[in-house]
1. Please work out if LEU96 is open to solvent by less than 20 Å² (accessible area, probe 1.4 Å), of a type outside the set (D, E, K, R) and within 20 Å of the chain's Cα centre (by Cα).
2. Look through ALA280, ALA230, ALA276 and report the one residue that is modelled with pLDDT of 95 or more and farther than 25 Å from MET161 by Cα.
3. Please go through the stretch 12-45 and give me each residue that is under 37 Å from the mean Cα position of the chain (by Cα), of a type outside the set (A, V, I, L, M, F, W, C) and open to solvent by less than 40 Å² (accessible area, probe 1.4 Å), ordered by number.
4. Test each condition in (1) open to solvent by less than 10 Å² (accessible area, probe 1.4 Å); (2) assigned to a loop (DSSP other than H, G, I, E, B); (3) hydroxyl-bearing (Ser, Thr, Tyr) for THR256 and report the one that comes out false.
5. Does ALA276 satisfy the condition of being in contact with a helix residue (DSSP H, G or I) (Cβ under 6 Å, 6 or more places away or on another chain), aliphatic (A, V, I, L, M) and over 16 Å from ASN324 (Cα atoms)?
6. Are any residues in the stretch 55-68 under 34 Å from the mean Cα position of the chain (by Cα) and open to solvent by 80 Å² or more (accessible area, probe 1.4 Å), and if so, which ones?
7. Return yes or no: is PHE202 under 21 Å from the mean Cα position of the chain (by Cα) and part of a strand (DSSP E or B)?
8. Restricting to the stretch 177-204, count the residues that are of a type in the set (Phe, Trp, Tyr) and either open to solvent by 20 Å² or more (accessible area, probe 1.4 Å) or within 21 Å of GLU243 (Cβ to Cβ) (or both).
Amino acid sequence: MSRIALTAITPWITAATLAHPHDLAVHLMQCLSISRRTAVKTIARLVETQWIIQHGTPRRPHHVPGLLRQVVQRYPLAGLDEALPWSRDFAPHFALPASVMRMAQHAFGELLNNAIDHSGGSSVTVSVRQTPAHLQLLVSDDGCGLFDKIAQSFQIVDPAMAMLELSKGKLTSDPERHTGRGLFFTSRIADVLDLHANDSAFQHRAWQRHRWSRTTPAARHGTSVFVAIALDTNRTLDAVLREHSRDGQGYAFERTVVPLRLLTAPGCALDSRAQARHAAQRLHQFRHAQLDFSGVTDIGHGFADELFRVFARNQPGLALEPVNMAPNVRALVDSVRAEAA
């Protein structure tokens with residue numbers, strides 16, 4: 001038989017190795033309809049590429065998962081219990097630091113629940129992969145797509161405007177059952193988050209001041225969210241949750257970040273009062289809002305006046321904190337605030 005492509009095996013080899021530590025070659029022979037010689041050679045390649053660690057002797061080998069691990073599962077969405085896949089199909093197969101395991105479970109549950117409750121699809125595919133440096137999670141459903149769902153529920157047809165609202169948090173089409181925390185906190189615990197839906201895509205990078213930016217969309221139906229968490233991160237779920245309370249001690253979701261770059265486009269600066277009202281939308285639900293000017297090189301007086309004088313005057317209980325401003329942006333914002341004082 002021809003050489004087995006490892007990419008056809010890696011989605012299930014971790015679980016198979018744990019289930020068949022002493023008879024892995026026989027298991028591969030049965031699953032792949034291959035000879036024992038091919039099975040042994042395939043295992044040797046898996047050992048070489050760090051998918052498997054082999055102990056014992058050549059005659060009596062004992063196999064355990066290696067530094068690379070992966071589990072891929074596809075589930076019908078109808079009646080799916082979001083807790084069961086993690087506890088049964090995923091968590092037992094990975095060796096992670098406790099804090100990373102906790103964040104992974106949180107992200108897994110939030111993204112799977114979104115697919116169950118909001119996608120309108122029939123199935124979801126989940127992949128979890130461990131490398132020597134990262135844990136990687138991919139959740140893909142075959143539903144209507146996140147940005148179409150937002151357009152239907154909130155009449156926000158521009159994906160960038162939809163992403164702006166999602167990035168603030170507390171956006172949900174089902175407020176009786178959800179609080180709109182899922183994607184916000186998943187992005188804050190992740191080092192990398194990529195969101196693809198409806199021919200649009202956005203990425204979030206922790207080392208880029210947690211900014212959101214457009215990226216090249218994947219050509220597929222539904223919604224896909226990719227999350228990566230560094231295994232050596234000092235981030236914890238508890239710290240992220242507390243960070244977004246007003247005093248940094250509790251768990252109330254009182255602080256948000258507004259990535260103003262999403263309001264810009266080539267040839268379109270932050271100039272109008274309408275753009276400022278988009279930025280300020282729903283901020284009354286919070287007590288503190290960071291207005292992130294990363295990537296914004298210029299703003300107009302109308303934008304600054306509407307946001308930092310008109311809106312601020314009408315929301316005395318909300319603290320607005322502009323951050324990452326270019327010198328000319330800072331000068332204009334300071335002048336408007338001085339006039340409002």
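The values are calculated or read from the model by the stated rules, or taken from the named source; none is laboratory data. Everything numeric here is computed off the predicted structure, so don't read it as measured data. Note: ideal-geometry Cβ built from the backbone for every residue, glycine included; neighbour counts use all protein chains shown. Just so you know, the surface numbers come from the protein's heavy atoms only, side chains and all, with ligands and any DNA or RNA stripped out. Shrake-Rupley method; radii C 1.70, N 1.55, O 1.52, S 1.80 Å.
1. Working: open to solvent by less than 20 Å² (accessible area, probe 1.4 Å): no; of a type outside the set (D, E, K, R): yes; within 20 Å of the chain's Cα centre (by Cα): yes.
No.
2. ALA230
3. THR14, THR17, PRO21, HIS27, THR42
4. Just one mismatch for THR256, condition (2).
5. On the way: in contact with a helix residue (DSSP H, G or I) (Cβ under 6 Å, 6 or more places away or on another chain): yes; aliphatic (A, V, I, L, M): yes; over 16 Å from ASN324 (Cα atoms): yes.
For ALA276, the condition - in contact with a helix residue (DSSP H, G or I) (Cβ under 6 Å, 6 or more places away or on another chain), aliphatic (A, V, I, L, M) and over 16 Å from ASN324 (Cα atoms) - is met.
6. Of everything in the stretch 55-68, just one residue is under 34 Å from the mean Cα position of the chain (by Cα) and open to solvent by 80 Å² or more (accessible area, probe 1.4 Å), namely LEU67.
7. Yes, satisfied.
8. 2
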